[in-house]
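Presented below is the structure to which this report refers.
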Amino acid sequence: MILDSKVPGGPLAEKWDRHRFACKLINPANKRKFDIIVVGAGLAGASASASLAELGYNVKTFCLQDSPRRGHSIAAQGGINAAKNYQNDGDSIFRLFYDTIKGGDFRAREANVYRLAQVSNNIIDQCVAQGVPFAREYGGQLANRSFGGAQVSRTFYARGQTGQQLLLGAYSALMRQVKKGKVEMLSRREMLDVVVIDGQARGIVTRNMLSGAIETHAAHAVVLATGGYGNVYFLSTNAMGSNVTAAWRAYKRGACFANPCFVQIHPTCIPVHGTYQSKLTLMSESLRNDGRVLVPKNPGDRRPPAEIPENERDYYLENKYPSFGNLVPRDVASRNAKEQCDQGKGVGSTGLAVYLDFSEAINRDGSGVITQKYGNLFHMYEKITAANPMHEPMMIFPAVHYTMGGLWVDYNLMSTIPGLFVLGEANFSDHGANRLGASALMQGLADGYFVIPYTIGNYLATISSSPQDASHQAFKQVADEAAAKIGKLLDIKGKKTVDEIHRELGLLMWDSCGMARNEAGLQQALAKIPAIREEFWQNVAIPGSGLELNQSLERAGRVADFLEFAELMVIDALSRKESCGCHFREESQTEENEAKRDDENYAHVSVWEYNGDNNSPEFHKEPLTFENVQPSQRSYK
Amino acid sequence: MGSIGSLYRSSVGKKSIMAASGLLLSLFLLTHLLGNSVSFLGRDAFNAYAEKLHSLGGLVYVFEIGLLTLFLIHIITGIILYVENLQARPARYSVNTAEGGRSWGSRTMPYTGVIIIVFIIVHLLNFHFTDKSVPVADLVRGLLSRPPLALFYIVSLLAVALHLSHGAWSLFQSIGFNHDKYNGVLLKGALAFSILVGTVFILIPVLALVSRSFLL
Amino acid sequence: MSDIHLTLKIWRQEGPDAPGRLQTYASGPISTDMSFLEMLDVLNERLTGEGEEPVAFDHDCREGICGMCGAVVNGHPHGPEKETTLCQLHMRHFKDGDTLVIEPFRARAFRIEKDLVVDRSGLDKMITAGGFVSVNTGGAPDANAIPIPQKNAEEAMDAAACIGCGACVAACPNASAMLFVAAKVSHLSLLPQGHPERARRALDMVREMDELGFGNCSNERECEAACPKGISIRNIARLNREFLKAAILSDED
């Protein structure tokens, strides 16, 4: 297979313009002859559905929650970046582009990232017009803050609920199209497979989560906006329902998967405190602006933090990185926390936590200032842990947060299956090996509002507009396969619950394919995953039937796919022998234990093609060339 | 311009009609209260006040029709709302707990309403559809010094007070008036108003019952 | 960390038309660090192990923002803690030996799908009726073109914080959805972007609310007490104003 990224020629700043001009158009009267399926109703899915419906296409949108307002984009706290330069502090499209591509450790496509920076400004305009209540200055102008170590203030925010407000904006645009009859909204539907006919995506098979009915839906194109796969680790900051099923099914039908091992681990989350734990909660990164990360100097020191004298405290980030201190990027902060815990210096009941201490800031600025800055975060922390960070240090630990990898897409956001488009976190395109704060919201909305409306037309113009229906034999076949799989799951009637097995997989992935990876550990994981999968297919317990609301069955279907997908992640991690961004291969580090990139051998996207259940996936490379920026080694000393 | 019909069909419209009629009825109650207070000045003053009212002639008639209409609007709308609200939750909770502003007043609105309807009918039969030649002071003294009727009045007037304790605040919210600056005053004001109305009205049967000189 | 033992009385109902009942379970040891939903997870793991059907309940983000979770615990939607969703309610707020009655959100407009899962699509329908600004993608003016006083933006944000969980409906003695509708109408009527459609929006959303069979607001203030985001009934007063203004003065009908 030849991977054609379809990046247009010309200077970086003109590529998108040229491409938009080159894109074929569909005349307004013909647009209504095309049906488009959108799977997922988070930022990318809702914005795409609304925008495509506004253009005149007939859109069917699916989500697995009870309402399209619940996609996990809603949980994003911090903000959304845009190169507006409202603060006159030297921001520009090029700077946002540069920061994003450097933050991704030079493993993203230049042209995609530049386009993202270009449309970032339109996103803010669009959201304000929808009534998103962004924070404002007294004079009525929009407020900005600096975020995630950026040196300019380019982040727009709505309290700590930016994701929620942006999603509700997109949701309202979507519901407006529902009212107009241009979008048919199907909630509580889980996509089980994609239907490919003559090499083109022609529809999907879904399960009605209330009745259990297997349904088929035909269209001229399918758009996946199904989010990330962080839940392969069982514990993550993702919503409980987030899963890889849609992407994985597409992969098995011929869509290539790119960089599956690129998983962002966020350093400031509330630590795990029991085996019953179902999810991890993120505490905003901004806490590191005033909190000092520390552990006791002596391994095994179990004294309460207040009893540890100053000379027995190890402020390891400040000591190791004098110039960046506590503000090193997410991947560096996460790895160092793990390192300290591995040395037995972790704190809390599990030993898997480090302290984040605000006492110096409280002494310096007064408790009033600190409360004003972090009061709501402290409140949230106290709600969960019953401890008040004003009086004792917070305990934090890294947690899986965002997956940069995803289905491979070209510049048009089309996967290797013609007619199958992938948006938002589900694709791999813009964040390289590490995502910067406040850019996930930007990417989801860029894809949905400002990219797919142009690029999908370019595809649709090449196919016939004759009506699509699900009568083709392929639909029945795929639906039968999906039903058979459900039947098989229900017939196992084993002893272990879905969560037990999922937890086992998660732990394995966390230990061997988490914050730091090495050849031996990855090989071990590769050997163990099939055994867990085998156990699952022999011994999972799923009560109830398939023809009703059955949440165990839903989870089982997702875990079955995670169990296959995990193997691909490990294979990908094994094949990338360099360290870059979030991907830390212990074999590839500098003398100071920092990630060492290998641009000579690994300046590429690792793209995997499904090759049958019993064969290894086929490896393809999409080389990355940097014509406008010079890849540099990151240093935070 | 939106028609009254469509206003009446909507929930917010009905609530605003409840509020507006409730406000006017409260104002009537206030004048009634002032009128009744004349009784505390003695039988002559009270009789004179009643004479003065009767002398208004046709105006009284118009006023009564208006009042009756207001009552009917308030009652019929209230019944519709009550039935709709019951239908809105066919299956009840097995545990009910109030943690908001639910009060004895708010929770009993439909029931105090029913008591008030019965009360008004009895009240009108006793004092309105009766021999107008008897001086009003004698009428009041004569009827309300009977313990069963006095007790009925006292209980009914307590219901009126309870009804007002919620209604007199609620009506402002229903017509859209809610402001942080005035909310405290309104809530307390409504409570004070209901206590005032209750106390003054109830004083009459109580005095008729226990006082040896009231209206004599 | 310590363990407590609870008696759980949970509403079990197989489907929308099936009869339901409260079923009693012993919780087993429950860590006080667990969230309420994790407590249900533990129960469900046990039930699954015993070959029984686990309790169905809606949930997703488990960090108090998606609005998908919710049940009535001892008469309190989302449990007894103020401004807390069920997923953020922790078991340390209960005492050893407590009995918890766990019921679904109840309203005619919220059909019970199974156990604690209810159909809240009515909330979406009310947004569909008018809870938006009619602006197509593209062509929006510069975001700073219309200054918005900070106070208005903040007040709009107070209302926009609604997570659409339906606790207001569950708490209302009349199963009214006024707080939900009011939050959206307020959010958009406080911002200039929402002004062109404010009359239409208030009329359409209220009409939809009424048609869906929600009850009437009787100003009992239970909704704001149950709201996990602390949305005030000031918004309901604003909705009343907006609606009356639209119904009496505007040309819309």
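Tabulated values for the structure
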quantity: Residue list for segment C:9-34, restricted to those being more than 24 Å from the chain's Cα centre (by Cα) and at the interface with chain A (Cβ under 7 Å from one of its Cβ atoms); calculated: C:Ser31, C:Asp33
quantity: Where B:His54 falls short, out of the listed (1) in contact (Cβ under 8 Å) with a residue 24 or more places away in the chain; (2) under 20 Å from the mean Cα position of the chain (by Cα); calculated: (2)
quantity: Test: residue in segment A:260-280 that is without any contact (Cβ under 8 Å) to a residue 60 or more places away in the chain, within 14 Å of chain C (Cβ to nearest Cβ) and among the hydroxyl-bearing types (Ser, Thr, Tyr); calculated: yes
quantity: Among (1) touching a helix residue (DSSP H, G or I) at 6+ places or on another chain (Cβ under 8 Å); (2) surrounded by 24 or more Cβ atoms within 10 Å (Cβ to Cβ), the one test that A:Met515 misses; calculated: (2)
quantity: Within segment C:151-167, tally of residues that are in contact (Cβ under 8 Å) with a residue 60 or more places away in the chain, in a helix (DSSP H, G or I) and crowded, with 24+ Cβ neighbours inside 10 Å; calculated: 2
quantity: Counted residues, segment B:114-158 - those being of a type in the set (Phe, Trp, Tyr) and over 19 Å from the mean Cα position of the chain (by Cα); calculated: 1
quantity: Matching option when the condition is in contact (Cβ under 8 Å) with a residue 24 or more places away in the chain and either touching a Leu at 6+ places or on another chain (Cβ under 7 Å) or basic (Lys, Arg) (or both), among A:Val295, A:Val328; calculated: A:Val328
quantity: Cross-chain or 6+ apart pairs with Cβ under 8 Å, segment C:188-202 first and in the same structural domain as C:Pro147 (by TED's automatic domain parsing), then part of a helix (DSSP H, G or I) and of a type in the set (Ser, Thr, Tyr); calculated: C:His195/C:Ser189; C:Arg198/C:Ser189; C:Arg201/C:Ser189; C:Ala202/C:Ser189
quantity: Number of the exception - C:Arg241 against (1) at pLDDT 95 or above; (2) touching a helix residue (DSSP H, G or I) at 6+ places or on another chain (Cβ under 8 Å); (3) within 8 Å of chain B (Cβ to nearest Cβ); (4) assigned to a helix (DSSP H, G or I); calculated: (2)
quantity: Helices (runs of 4 or more DSSP H) contained entirely in segment A:1-111, each with at least 3 residues that are among the hydrophobic types (A, V, I, L, M, F, W, C); calculated: A:12-22, A:43-55, A:93-103
quantity: Every residue from segment A:556-613 that is part of a loop (DSSP other than H, G, I, E, B), buried (at least 24 other Cβ atoms within 10 Å of the Cβ) and among the aliphatic types (A, V, I, L, M); calculated: none
quantity: Those residues of segment B:170-208 which are part of a helix (DSSP H, G or I), among the polar types (S, T, N, Q) and within 14 Å of chain C (Cβ to nearest Cβ), in sequence order; calculated: B:Ser170, B:Gln173, B:Ser174, B:Asn183
quantity: Neighbours by Cβ (under 8 Å, 6+ apart or cross-chain): first from segment C:88-115, away from chain A (no Cβ under 14 Å) and touching a residue at least 12 places away in the same chain (Cβ under 8 Å); second surrounded by fewer than 23 Cβ atoms within 10 Å (Cβ to Cβ) and of a type in the set (Phe, Trp, Tyr); calculated: C:Leu100/C:Phe94; C:Ile102/C:Trp11; C:Glu103/B:Tyr93; C:Glu103/C:Trp11; C:Arg106/B:Tyr93
quantity: Test for C:Arg120: is it away from chain B (no Cβ under 14 Å), more than 23 Å from A:Gly274 (Cα to Cα) and at pLDDT 95 or above; calculated: yes
quantity: Identity of the residue in segment A:497-534, polar (S, T, N, Q) and in a helix (DSSP H, G or I), that ends up nearest to A:Asn593 (Cα to Cα); calculated: A:Ser512
quantity: Criterion (surrounded by fewer than 21 Cβ atoms within 10 Å (Cβ to Cβ) and assigned to a loop (DSSP other than H, G, I, E, B)) met by exactly one of A:Phe619, A:Phe626; calculated: A:Phe626
quantity: Checklist (1) over 23 Å from the mean Cα position of the chain (by Cα); (2) free of Cβ contacts under 8 Å to residues at least 40 places away in the same chain applied to C:Ile148, failing item; calculated: (2)
quantity: Matching residues in segment A:157-168 - criterion: being facing another protein chain (nearest Cβ under 8 Å) and of a type in the set (Ser, Thr, Tyr); calculated: none
quantity: Selection status of A:Ser552, within 14 Å of chain C (Cβ to nearest Cβ), surrounded by fewer than 19 Cβ atoms within 10 Å (Cβ to Cβ) and either in a helix (DSSP H, G or I) or not β-branched (Val, Ile, Thr) (or both); calculated: no
quantity: Verdict on A:Val244 being modelled with pLDDT of 95 or more and out of contact with any Cys (no Cβ under 6 Å at 6 or more places or on another chain); calculated: yes
quantity: Subset of segment A:140-156 that is surrounded by fewer than 21 Cβ atoms within 10 Å (Cβ to Cβ) and closer than 17 Å to C:Ala156 by Cβ - its residue that is nearest to the other protein chains (Cβ to nearest Cβ); calculated: A:Gly140
quantity: Count of residues meeting criterion [of a type outside the set (D, E, K, R), away from chain B (no Cβ under 14 Å) and not in a loop (DSSP other than H, G, I, E, B)] in segment C:35-85; calculated: 11
quantity: Residue selected from segment C:204-227 under the condition surrounded by fewer than 24 Cβ atoms within 10 Å (Cβ to Cβ) and in a helix (DSSP H, G or I), by the criterion nearest to the other protein chains (Cβ to nearest Cβ); calculated: C:Ala225
quantity: Of all residues making up segment A:87-101, the number that are out of contact with any Leu (no Cβ under 9 Å at 6 or more places or on another chain) and surrounded by fewer than 24 Cβ atoms within 10 Å (Cβ to Cβ); calculated: 9
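The values are calculated or read from the model by the stated rules, or taken from the named source; none is laboratory data. Please read all numbers here as calculations on a predicted model, not as lab measurements. Glycine also receives a Cβ, built like all others from the backbone with ideal geometry; neighbour counts cover every protein chain displayed.
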